[in-house]
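Heads up, the thing below is written out as structure tokens.
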Amino acid sequence: MNIRPATTTAELLAAAHLYDAEPRPEWAARFLAADGHLMLIAYVDGVPAGFVSGIEMLHPDKGTEMCLYELSVDGPYRRRGVGRALTEALAAEARERGCYGMWVGVERDNEAALATYRSAGAADDGGFAMLTWEFGDAS
């Protein structure tokens, strides 16, 4: 397995089978151009097997922390350490960038995600409620 940062739109689009929906080239380009946005892709035999995306979050009284935005591992590669390796790679990148910590929101019944993050050194910070706003079509 080889994990490396995505640096081109082509790399992001080649990992389309790992996303929840079809990626758009203009969004992929915008993602890469945005400061503090990062996607690491795990390759097995040259094929994208998983990814983790992170976003640096900066606040005036806290400094910078990394939000693990999304982790995805293709079915055939699950339970083979890919998710853990991606999570650990993002944490290492966050440390290199000077982040004071990293966090991720996880639904309590998502046992696979919880196990992956715990195996990579995350600790449970207690209860969490996530509230959202929907603004219509994302186009």
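The values are calculated or read from the model by the stated rules, or taken from the named source; none is laboratory data. Nothing here was measured: the structure is a model prediction, and the numbers come from that model. Neighbour counts are summed over all protein chains in view; Cβ atoms, including those assigned to glycine, are modelled from backbone coordinates with ideal geometry. Quick note on the areas: whole protein, heavy atoms, side chains included, nothing else; ligands and nucleic acids left out. Shrake-Rupley method; radii C 1.70, N 1.55, O 1.52, S 1.80 Å.
Filter the strands (runs of 3 or more DSSP E) completely within the range 28-139 down to those with at least 1 residues that are farther than 22 Å from Ile3 by Cβ. Working first, answer last.
On the way: elements: 37-44, 47-59, 63-73.
Fully inside the range 28-139 and qualifying: 47-59, 63-73.
Could you run through the range 8-27 and say how many residues are surrounded by 10 or more Cβ atoms within 10 Å (Cβ to Cβ), in contact with a helix residue (DSSP H, G or I) (Cβ under 7 Å, 6 or more places away or on another chain) and not in a helix (DSSP H, G or I)?
Counting residues in the range 8-27 that are surrounded by 10 or more Cβ atoms within 10 Å (Cβ to Cβ), in contact with a helix residue (DSSP H, G or I) (Cβ under 7 Å, 6 or more places away or on another chain) and not in a helix (DSSP H, G or I) gives 1.
Which residue pairs have Cβ atoms closer than 6 Å, lie 6 or more positions apart in sequence or on different chains, and pair a first residue in the range 92-121 that is farther than 19 Å from Leu40 by Cβ with a second residue that is surrounded by 13 or more Cβ atoms within 10 Å (Cβ to Cβ)?
Short answer, once both residue conditions are applied: Tyr100/Glu65; Leu114/Val106.
Any idea which of Arg4, Arg118, Arg24 is within 16 Å of the chain's Cα centre (by Cα) and more than 25 Å from Ala129 (Cα to Cα)? Give the steps one after another, and end with the answer.
Details: Arg118 fails: more than 25 Å from Ala129 (Cα to Cα); Arg24 fails: within 16 Å of the chain's Cα centre (by Cα).
Unique residue meeting the criteria: Arg4.
Just one of the numbered conditions (1) surrounded by 10 or more Cβ atoms within 10 Å (Cβ to Cβ); (2) under 16 Å from Met39 (Cα atoms); (3) among the charged types (D, E, K, R); (4) over 15 Å from the mean Cα position of the chain (by Cα) is not true of Glu88; which one?
(4)
Across the range 119-139, which residue is nearest to Ala94 (Cα to Cα) among those that are open to solvent by less than 80 Å² (accessible area, probe 1.4 Å) and at pLDDT below 85? Step through it out loud before you land on a result.
We begin by selecting, within the range 119-139, every residue open to solvent by less than 80 Å² (accessible area, probe 1.4 Å); these are 119-122, 126-127, 136, 138.
Within this subset, residues satisfying the condition of being at pLDDT below 85 are 126-127, 136, 138.
On the way: Gly126: 22, Gly127: 24, Gly136: 32, Ala138: 28 Å.
Only one residue fits best here, namely Gly126.
Before we move on, is Ile41 closer than 19 Å to Ala122 by Cβ and in contact with a Leu (Cβ under 9 Å, 6 or more places away or on another chain)? Working first, answer last.
Working: closer than 19 Å to Ala122 by Cβ: no; in contact with a Leu (Cβ under 9 Å, 6 or more places away or on another chain): yes.
It is false that Ile41 is closer than 19 Å to Ala122 by Cβ and in contact with a Leu (Cβ under 9 Å, 6 or more places away or on another chain).
Among Glu65, Glu93, which is more than 20 Å from Leu12 (Cβ to Cβ) and either modelled with pLDDT under 95 or open to solvent by less than 50 Å² (accessible area, probe 1.4 Å) (or both)?
Working: Glu93 fails: more than 20 Å from Leu12 (Cβ to Cβ).
One residue alone meets the criteria, Glu65.
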